[in-house]
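Okay, so here's the structure we're looking at.
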């Protein structure tokens, strides 16, 4: 009989904390809806690294994006009327942001200027977009979570093609959240927060999906959030309700559990540091960024291909 070996349990360490001067101890519309009206001084999400090794995180309730240098020093990049959640670089100086309030937005990092990328689908507003990932061909996969859940399994997964075509891949998800791609780009992993699980979504050659399955089942008060994949195909799952990051082998067996401090809400994750083998984790409860050095690097993240003249003219 085969017995699953107990996963190794390791403790996440604090890399940096949001400085007191940047914390806002005040009510916000976001906190009224999502934190029971409790004043929330920040809620960190969307970690992503630039080519120089700086870490970027967003602060959902106050529409802020910060850059954190390798020494842990914070600088505000921008503040705007939005609720930024997930972020990826589409070129060395441009962040593409899934903004719950506004749709897909672009941030020019040197200037802090925020402009729309895709705000509506056929003039219909999104439920509330959440996270995104790009593949090697420039396709953008993003989740539209809104307030969906087991009571209303109507969350959506979209693909935005480089030419502008928007494909609806899934429309029956009870709270779609983080997304990540397998090393070969043929499988998309989808965090289903209020279903407390991760779905496995095969991406077929004709652009469709089929045989979508439940890859991993978690537990606790709040299910999987941010996802990442390493070069061995292991799937890393941030679980805010438990304060964990699961490291799952390709068979979805937990091989490592990275545990945050008491009360941590481990919302999202990104690989960075030397060799891209250190995992950085946003702890939204405490306004911290946690970290742990791993033995396997994360997969390289993709940006968008350069625009040709016709595309550039259409966009502007």
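Structure above, values below:
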read-out: Potential extension, residue 120-residue 172 segment - 0.36 nm per residue separation minus Cα distance; value: 16.8 nm
read-out: Overall dimensions of segment 1-42 by Cα: Rg and Dmax, Å; value: 19.0, 57
read-out: Inter-label distance, nm, simple model (7 Å from Cα along the C-beta direction), residue 137/residue 217; value: 3.4
read-out: Whether segment 20-169 is rounded, prolate or oblate, judged on the alpha carbon gyration tensor where a/c under 1.5 counts as rounded; value: oblate
read-out: FRET efficiency for residue 186 and residue 17, using Cβ-Cβ distance with R0 set to 41 Å, rounded to 0.05; value: 0.60
read-out: Solution diffusion estimate, µm²/s, Stokes-Einstein, segment 213-280, Kirkwood Rh from C-alpha pairs, 10 °C, viscosity 1.306 mPa s; value: 130
read-out: Ranked list, fewest to most other Cβ atoms within 10 Å of each Cβ, for 65, 187; value: 187, 65
read-out: Residues 137, 79, 124, 45 arranged by fewest to most Cβ contacts within 10 Å; value: 124, 137, 79, 45
read-out: Cα gyration tensor shape for the chain, rounded if a/c is under 1.5, else prolate or oblate; value: rounded
read-out: Stretchable slack from residue 93 to residue 209, in nm (0.36 nm times residue separation minus alpha-carbon distance); value: 38.5 nm
read-out: Residue with peak Gaussian network fluctuation, the chain [Cα springs, cutoff 10 Å], from 50, 41, 295; value: 295
read-out: The chain - mean residue ellipticity at 222 nm from DSSP helices (-39,500 (n - 2.57) per run, n ≥ 4, rounded to 500); value: -1000 deg cm²/dmol
read-out: Residues of segment 246-274 with amide N under 13 Å of a point placed 7 Å along Cα→Cβ from residue 6; value: 257
read-out: Tensor-based shape of segment 114-252 (alpha-carbon gyration tensor, a/c under 1.5 rounded, otherwise prolate or oblate); value: oblate
read-out: Exposure proxy order (Cβ contacts within 10 Å, fewest to most) of 194, 120; value: 120, 194
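FYI, it's all coordinate maths here, none of it is from the lab. Here the structure is a predicted model, which means the values were calculated and not measured. Backbone-built Cβ (ideal geometry, glycine too); neighbour counts: all protein chains shown.
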